[in-house]
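To start, the structure under review is shown below, and the notes come after it.
The values are calculated or read from the model by the stated rules, or taken from the named source; none is laboratory data. Predicted model, so just to flag it, every value in this text is computed and none were measured. Heads up, the Cβs are rebuilt from the backbone with ideal geometry, glycines too, and the neighbour counts pull from every protein chain shown. Each accessible area value is taken on the protein alone, full model and side chains, heavy atoms only, with ligands, DNA and RNA left out. Shrake-Rupley method; radii C 1.70, N 1.55, O 1.52, S 1.80 Å.
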Amino acid sequence: MKIITDYLVIGSGLAGLSFALQAAETGTVTVLTKYTLEENNTSHAQGGIAAVLSSPDSFAKHIKDTNIAGAGLCNQEVVTKVVQYAPNVIQNLLNWGTRFDTEKDGAYNLAKEGGHSEHRILHHKDNTGYEIQRALCNKVRSHKNITVLEHFFAVDLITQHHQGELVKRHQQDVSCFGAYALDIASNKVYTILAKTTMLATGGAGQVYSTTTNPTIATGDGFAMVHRAKGVLDNMEFVQFHPTALYNPSDSPAFLISEALRGFGGILRNKKGEELMKHYDVRGNLAPRDIVARAIDNEMKTSGSDFVFLDCTHIDKKKLQNHFPNIYKKCSSIGIDISKDMIPVTPAAHYFCGGVKVDAFGRTSIKHLYAAGEVSCTGLHGANRLASNSLLEAIAFADFAISVAKHEKETNPIQSNIPDWDYEGTSFPEEMILITQSLKEVQQILSNYVGIVRSQERLKRAFNRLWTLYSETEDLYKKTTLSPKLCELRNLILVGYLVIKSAKARKKSIGLHYMVDYSE
Ligand code: FAD
Ligand code: SIN
């Protein structure tokens, strides 16, 4: 079964959908998404989107804050380009129907988060991502040039390899012709051929046991590009959000937005002491890597599973008005945040590394672009500044279409691509093996490749993962294709890529903290 389209977009978060809307002005677009259009990390984003709109803020300040958070590893050209483009991103979002909170005089209500020297975060209450996704989905569903295929799981990118050529890693002329995708309802694999493919599959928080990411975040894009011999970068920089709600029965972990600390919330240890003053002069609003490490240290030294976020000194009505979802969620488990301190713990949150792209979102594979969390643009360096990722995703979708639109005329659809080979895959799905192996992967990464690492822990993680890799590849070769098996396979590859990059970076910097090396 074949589908032919000008643009194939894999993923329906804000990177994929904003690219689809721009691309649909120039050609036909097919959007694939493995569950529904709405289910992704974007819909869960709370704090907001960073943009400089007026003084006393300035582009120079936003650039400086991004660089400081990124520990000197950011790409200067990209930081400047994205920060200066941010007002256009906000205008696009407004045009698509997104609403941001305003003051009585109509000015935007700007929040502040860790690492920001100014209030510059546009938001919609504490559910900004949901509001953005709502607006984009409305536009996409009604666009005549966009076909949405929900419950379609992209399994692999199509390259010359599928035409029988040997493709090597770092080879210059690898091209992407589209993707093989499993229609989950019929269990059939479609061959989707495109002139341009945009990979927007998001991150991989699910490789850890505790994460703020929903179950879709299984690193499929990272794994597909690695298998297609493309280049990934900075995979060791996994950001742990300092403050997920400590409620062990929740999966994913519910985020307690950093904007709450920007609003006056104070981190306290078990004894009730203000925690961050022992660690950084910027206190509760120090960059995320520093706060997460501080909390990790407090928890380990006190033997506690959490620390506290104290908002009890903040006016109840203001808390309810600005953070209605956090208020409601905490109430549902018996915590009145205007009276009780909130138990919080760090959770895997964001992949700063990913598929390496240039300043226009071009990957090392021709006709394949990447945007959003799956990509590594150079904006975040060794640690992402809060609320820079929604901004980056839309900015790069725009940068990409500015060059990709020419491929419609210059890159013909390939005709000699074989259909998916089902040969030998008749063994029934072994769900127990899949779910247990997934838990093992998550434990390996959480135990040995978390906030604090060492060469010895990484070696142990690698050896443990190797066994799971061999067993799962064996299972994959003989088993009926299923999303859960593909996700497990992809997560194992993500674990491998994180460990490999972490082993190679022989210093402590940003999110990569090794006990073997002082900072
Ligand atoms: P996603 O929104 O995750 O979308 C990925 C899409 O790809 C999904 O539709 C998924 O189904 C699809 N997909 C994946 N694999 C496949 C496959 N094999 N086949 C088909 N489809 C596939 N950032 C900020 O800047 N500000 C914030 O306030 C903020 N808050 C956050 C709060 C939470 C709880 C979380 C989890 C993240 C937050 N982030 C925030 C980060 C930000 O939300 C994400 O980085 C961003 O939304 C990623 O967008 P994306 O389009 O790249 O990926
Ligand atoms: C938050 O609201 O704390 C999340 C912001 C982000 O991840 O950028």
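Key figures
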item	result
Highest to lowest packing among 122-130, 277-285, 171-179, 393-401, scored as the average C-beta count within 10 Å	393-401, 122-130, 171-179, 277-285
Region 380-475: C-alpha gyration tensor shape, a/c 1.5 cut-off, then a/b vs b/c	oblate
Average accessible area per residue (Å²) across the chain - probe 1.4 Å, nucleic acids and ligands excluded	39
Unit charges on C-beta of K, R, D, E only; dipole of region 1-152, Debye	240
Neighbour cut-off at most 10 other Cβ (10 Å), DSSP loop, trypsin sites (Lys or Arg not before Pro), region 222-271	LYS271
Accessible surface of the chain, 1.4 Å probe, proportion on carbon and sulfur as whole %	51
Total formal charge among the other residues, if their Cβ is under 11 angstrom from that of THR218, Lys/Arg +1 and Asp/Glu -1	+1
Kyte-Doolittle at least -1.0, axis length at least 27 Å by Cα - qualifying DSSP helices, the chain	76-95, 483-504
Dipole-positive endmost among GLY378, ILE499, TYR513 within region 373-519 (Cβ charges, Cα centre)	TYR513
Among GLN84, GLY70, ILE132 - extreme Cα towards positive end, dipole of region 65-150, charges at beta-carbon	ILE132
Peptides 19-26, 450-457, 474-481, 417-424 ordered by average Cβ neighbours within 10 Å, highest first	19-26, 450-457, 474-481, 417-424
Surrounding net charge for GLU409, when Lys and Arg each add one and Asp and Glu each subtract one, Cβ distance under 13 Å	+1
Helical contribution to [θ] at 222 nm, DSSP H n ≥ 4, -39,500 (n - 2.57), averaged over the chain, rounded to 500	-11000 deg cm²/dmol
Mean-position separation - Cα centroids, region 399-428 and region 14-28, in angstrom	18
Under-5 Å amide H pairs with SER375, H placed in peptide plane, nonlocal only	VAL355
Electrostatic dipole magnitude of region 34-96 [Cβ: Lys, Arg +1; Asp, Glu -1; Cα centre; debye, to 20]	140
For the chain, size of Cβ-based charge dipole, Lys and Arg +1, Asp and Glu -1, in debye	560
Local electrostatic count, GLU429, Cβ distance below 14 Å [Lys/Arg +1, Asp/Glu -1]	+2
Selected from CYS176, GLN320, VAL403, residue furthest toward positive end of dipole (the chain; charges at beta carbon)	GLN320
